[in-house]
Amino acid sequence: MSHHPDDRYWMREALLLAVEAELAGEVPIGALLVCDGVAIGRGYNRPIGSHDPSAHAEILALRDAGQRLGNYRLPGTTLYVTLEPCVMCAGALIHARIARLVFGAPDPKGGAAGSLFDLLPPDHRFNHRIACSGGVLQEECAQMLRDFFRQRRRCRKIPLAHTHSPAPAHQPPSLRHDLL
């Protein structure tokens, strides 16, 4: 599918959300849900800080919009996200009935919009189809991720002092942080 004139504008807004994720120590991915030229849902990656593996930018943008609109179905909307959605997020987009997905950088290791899996544009066995467009501000989106992981690798080379105190010995091993 071709790009719409506003795609670059909204992707820049999603990139600003990705910066918020990075400032919070999360992988810098941002997502924005738009309906009729108005942002109705925003999200950025928060799985680490929230201790929630489902707290991806896309999921949080869908939750935000659903709460605002009082509905879990979000027809007629476009989701802008800086990285191609994973399988979990692709399923949520289908269930939410969004009309269109626009992503920045492809994700060859986990993308569900054609890079690794072909769920978006969807497998024709699904009862909902989402128009899909990738590569909007691709280089900016990809560069933000490359820079983040490059910095993270540099920090791992520097020995860090243990900043948290060990858990009490009476806690089960699965709850003791000093064993991780």
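The values are calculated or read from the model by the stated rules, or taken from the named source; none is laboratory data. Just so it is clear, the structure is predicted and the values come from calculations on it, not from any experiment. We place every Cβ from the backbone using ideal geometry, glycine too, and count neighbours over all the protein chains shown. Accessible surface is based on the protein model in full, side chains and every heavy atom, while ligands, DNA and RNA are left aside. Shrake-Rupley method; radii C 1.70, N 1.55, O 1.52, S 1.80 Å.
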Could you look through the stretch 129-180, keep only residues that are assigned to a loop (DSSP other than H, G, I, E, B) and at pLDDT 90 or above, and pick out the one that is most open to solvent (accessible area, probe 1.4 Å)?
-> 129
Residue hits (the stretch 19-45; over 15 Å from residue 148 (Cα atoms) and either under 11 Å from the mean Cα position of the chain (by Cα) or open to solvent by 70 Å² or more (accessible area, probe 1.4 Å) (or both)) are 31, 32, 36, 38, 42, 43
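May I ask you to list the residues in the stretch 63-87 that are in a loop (DSSP other than H, G, I, E, B), open to solvent by 40 Å² or more (accessible area, probe 1.4 Å) and either touching a Ser or Thr at 6+ places or on another chain (Cβ under 8 Å) or of a type in the set (D, E, K, R) (or both)? Can you show your working first?
Within the stretch 63-87, the subset in a loop (DSSP other than H, G, I, E, B) is 70-77, 84-86.
Applying the additional criterion that residues be open to solvent by 40 Å² or more (accessible area, probe 1.4 Å) yields 70-73, 75-76.
Across the stretch 63-87, the qualifying residue is only 73.
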Meets criteria (part of a helix (DSSP H, G or I) and without any contact (Cβ under 8 Å) to a residue 60 or more places away in the chain) for residue 110 = no
